[in-house]
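A short write-up of the structure that comes next.
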Amino acid sequence: MVARGLRDAGFEVIYSGLRQTPEQIVEAAIQEDVDVIGLSVLSGAHLTLFEKIMGLLKKKKVKDVLVTGGGIIPNEDKEMLRKWGVGEVFGPGTPLEDIVKYIRKNVRRDLT
Amino acid sequence: MIPTQQAVLDGDKMAMARLMTLVENDDPKGLDLLRKLFKHTGKARIIGITGPPGVGKSTLVFKVAQAFRKMGKKVGIVAVDPTSPFTGGALLGDRVRMQDLSTDEGVFIRSMGNRGYFGGLARRTGEVVDILDAAGMDIVIVETIGTGQAEVDVVRTVHTCCVVLVPGFGDEVQTFKAGILEIGDIFVVNKADKGADKVVMELRAMLDLAVDRDKDAWVPPIVKTAATTGEGVDELIKAMDGHCGHIKGSGRLRLKAVEKAMRDMDLLLGEKFMAGFMKKKGMRERFEAAAKKVANRKTDPRTAVERLTG
């Protein structure tokens with residue numbers, strides 16, 4: 001749903017499939033040279049997943065990639081995510097325009 | 001960060017990926033680096049996979065790539081998907097079928113939206129292939145958009161072109177007519193577990209009818225596969241190797257290299273003249289005014305273009 005919505009907003013969306021490991025996600029992000037990583041986490045494992053991904057990005061020296069996501073994430077966890085450098089995470093039912101607006105505003109990559 | 005030439009030549013994935021982005025965006029700095037890298041290209045074997053949507057191209061690419069990995073080859077993959085002509089957005093989903101290769105050191109996968117370019121590839125697919133080549137990939141696999149018609153562009157970009165079909169496409173003969181008979185060096189009948197014999201027979205007959213051949217010309221083999229189980233993939237690799245040997249032996253490889261150069265230069269020439277033309281003072285306005293005249297039937301398109309260029 002979000003992928004389709006972003007496409008319709010003019011983004012090139014690389015859909016990597018369900019149940020990806022953090023390693024696969026980060027590797028795909030590197031090879032595709034993306035501006036944004038968007039994670040959909042409904043399993044409750046968001047903290048582990050985001051932590052691993054942020055750690056891997058750092059280890060691989062990937063800079064400036066906006067990491068965001070969606071799912072059911074309690075407020076106290078959001079605080080933690082923010083500390084790790086994760087951007088906004090969106091709850092269920094967030095209007096797509098909000099996500100698009102947020103991404104447009106927060107992509108800050110200088111390619112050259 | 002502009003990647004360094006050395007980093008790309010060393011196969012540094014972040015450098016390769018960034019250069020691809022720059023080239024795709026026609027960034028002058030990226031294009032400069034591409035010029036320098038060009039002399040390091042021409043070593044990789046380039047394989048195309050084309051065919052209608054839903055025939056299992058991505059899964060097949062994945063299996064073929066896996067097979068080449070087992071032989072110790074480094075594999076680059078470029079997968080092209082359509083860009084929406086209305087929004088400029090694209091949903092690039094070929095990677096889903098290949099994610100198991102994502103973390104393999106010897107594999108690099110890149111998705112591309114065609115961004116309004118027709119012919120089954122993206123405008124800069126040739127350049128992305130060059131980057132993978134320069135970065136030391138032994139094999140580069142190009143997966144086209146799945147329209148199944150007139151994807152002739154891929155022929156001029158790859159050494160070996162595989163056309164993928166499936167049984168039960170309704171009027172099979174119709175599929176075969178659509179210009180894909182001529183572009184296949186190898187025909188793959190995928191999902192062969194669903195009864196491929198009829199398609200193979202018809203295809204064989206059509207091929208014999210459609211293509212005029214010299215005695216020593218390459219006869220496209222037809223390979224039955226079931227990509228999901230991996231059945232037939234070894235035979236497909238053998239057929240690919242066979243074709244590779246054939247074009248090397250017959251001098252076709254040189255010709256192919258010239259064809260690819262012509263494809264890339266054709267494109268650039270068109271772009272350069274178009275850009276130069278539109279840059280002329282007031283041209284955009286004149287162009288639009290002429291289009292309105294054509295729409296009102298005050299003039300016709302050919303006359304209008306002659307006046308603009310005259």
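The values are calculated or read from the model by the stated rules, or taken from the named source; none is laboratory data. Predicted model only: the values in this text are computed from it and were never measured. Reconstructed Cβ throughout: ideal geometry from the backbone, glycine too, with neighbour counts over all protein chains shown.
To keep it simple, each residue is scored yes or no on (1) surrounded by 19 or more Cβ atoms within 10 Å (Cβ to Cβ); (2) modelled with pLDDT of 95 or more.
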{"position": "A:VAL26", "(1), (2)": "yes, yes"}
{"position": "A:LEU56", "(1), (2)": "no, yes"}
{"position": "A:MET80", "(1), (2)": "no, no"}
{"position": "A:PRO95", "(1), (2)": "no, no"}
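Each residue in the range B:12-54 was checked for being in contact with a strand residue (DSSP E or B) (Cβ under 8 Å, 6 or more places away or on another chain), within 13 Å of chain A (Cβ to nearest Cβ) and outside any helix (DSSP H, G or I), and 0 of them qualify.
Among the listed residues B:THR303, B:THR309, B:THR229, identify the single one that is at pLDDT 95 or above and of a type outside the set (Lys, Arg).
It is B:THR303.
Among the residues of the range A:66-78, is there at least one that is more than 9 Å from chain B (Cβ to nearest Cβ) and in contact (Cβ under 8 Å) with a residue 40 or more places away in the chain? Yes; the residues of the range A:66-78 include at least one that is more than 9 Å from chain B (Cβ to nearest Cβ) and in contact (Cβ under 8 Å) with a residue 40 or more places away in the chain.
Scan the range A:8-32 for residues that are facing chain B (nearest Cβ under 7 Å), without any contact (Cβ under 8 Å) to a residue 40 or more places away in the chain and either of a type in the set (Lys, Arg) or not in a helix (DSSP H, G or I) (or both) and the total you get is 8. Only residues that are closer than 17 Å to B:TYR117 by Cα and of a type in the set (Lys, Arg) were counted across the range B:261-292, and they come to 2. Against the test of being more than 7 Å from chain B (Cβ to nearest Cβ) and on the phi > 0 side of the Ramachandran plot, the options A:GLY44, A:GLY5 yield a single qualifying residue, A:GLY44.
When the range B:95-106 is filtered for residues that are outside any loop (DSSP other than H, G, I, E, B), surrounded by fewer than 24 Cβ atoms within 10 Å (Cβ to Cβ) and not polar (S, T, N, Q), the ones remaining, listed by number, are B:VAL96, B:ARG97, B:ASP100, B:LEU101.
For the range B:228-237, state whether one or more residues are farther than 30 Å from B:ILE139 by Cα, over 23 Å from the mean Cα position of the chain (by Cα) and hydroxyl-bearing (Ser, Thr, Tyr). Taking every residue of the range B:228-237 in turn, none turns out to be farther than 30 Å from B:ILE139 by Cα, over 23 Å from the mean Cα position of the chain (by Cα) and hydroxyl-bearing (Ser, Thr, Tyr). Pairs meeting the criteria (first residue in the range B:61-82 and farther than 19 Å from B:VAL154 by Cβ, second residue of a type in the set (Phe, Trp, Tyr) and assigned to a strand (DSSP E or B), beta carbons under 9 Å, at least 6 apart or on different chains) are B:LYS74/B:PHE108. Restricting the range B:81-116 to residues that are over 20 Å from A:GLU27 (Cβ atoms) and more than 7 Å from chain A (Cβ to nearest Cβ), the residue that is modelled with the lowest pLDDT is B:GLY116.
Per this entry, B:GLY119 is counted among residues that are assigned by TED's automatic domain parsing to the domain that holds B:VAL155 and on the phi > 0 side of the Ramachandran plot.
Screening B:VAL64 with (1) in a loop (DSSP other than H, G, I, E, B); (2) under 25 Å from B:VAL233 (Cα atoms) gives one miss only, at (1).
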